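Worksheet: one structure, shown below.
Every number here is computed from the coordinates shown, using simple stated rules; none is lab data. Note that the structure is predicted; figures quoted are calculated from it, not measured. Don't worry about glycine lacking a Cβ; one is built from the backbone with ideal geometry, like all the others, and counts go over all protein chains shown.
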Amino acid sequence: MDFSEIGKGTLAPWSPTKKLVIAGMYRYVRNPMTWGVLLVIVGESIYFLSPHLLLWFLLFFVGNHIYLIKSEESDFVARFGDEYLEYMQNVPRWIPCRTPWTRRSSSNET
C-alpha cells in the first residue's frame, strides 16, 4: 500500500514508484523484503540441518548483494538523487537499525 499511495507506483519494474518510499520497515533497513527471504532460508537450513539450503542462502545473499549495488541502488540514485543518497547514509542495507530513521524535511514517513 505504501508503494501505491506514497510512491505513486508499484514494485513492478514496468510501473516503478515516482517518489522514494521511506515508510514502515524501510525506515529500519533498505532491503526488508530480501532480508526477510534470507531469514526464511537460513531458518530452513537450520531447521532441516541442510547444507544445500545454507548454500542457497549464501548464493541468494551474494547474488542480491551484487544486484542491489550494481543495479538497484545506482538506479535509485539516478531517479531520486540526493534524497536517496541521504537515505543510504542513514539506513543500513542489511542489518536493521534499532530505531526508525526519519527525515527532517519530508512528508514521506508514516
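For the chain, what is the charge dipole size about the Cα centre, in debye to the nearest 20, if Lys and Arg each add +1 at the Cβ and Asp and Glu each add -1 at the Cβ?
Working: 11 positive and 10 negative charges, 34 e Å.
Result for the chain is approximately 160 debye, rounded to the nearest 20.
Listing VAL62, VAL29 from the residue with the fewest other Cβ atoms within 10 Å to the one with the most, what is the order?
VAL62, VAL29
Name the aspartates and glutamates eligible as straight-distance cross-link partners of LYS18: C-alpha to C-alpha under 16 Å, and not fewer than 8 places from it in the same chain.
ASP2, GLU5, GLU72, GLU73, ASP75, ASP82, GLU83, GLU109
So how tilted is helix 51-67 from the main axis of the chain? Cα-based, degrees 0 to 90, rounded to 10.
Between the helix axis and the principal axis of the chain, the angle is about 20 degrees.
Among GLY36, VAL62, PHE80, flag the residue with its Cα farthest along the positive direction of the charge dipole of the chain, charges on Cβ as +1 for Lys/Arg and -1 for Asp/Glu.
Among GLY36, VAL62, PHE80, the one farthest towards the positive end of the dipole of the chain is PHE80.
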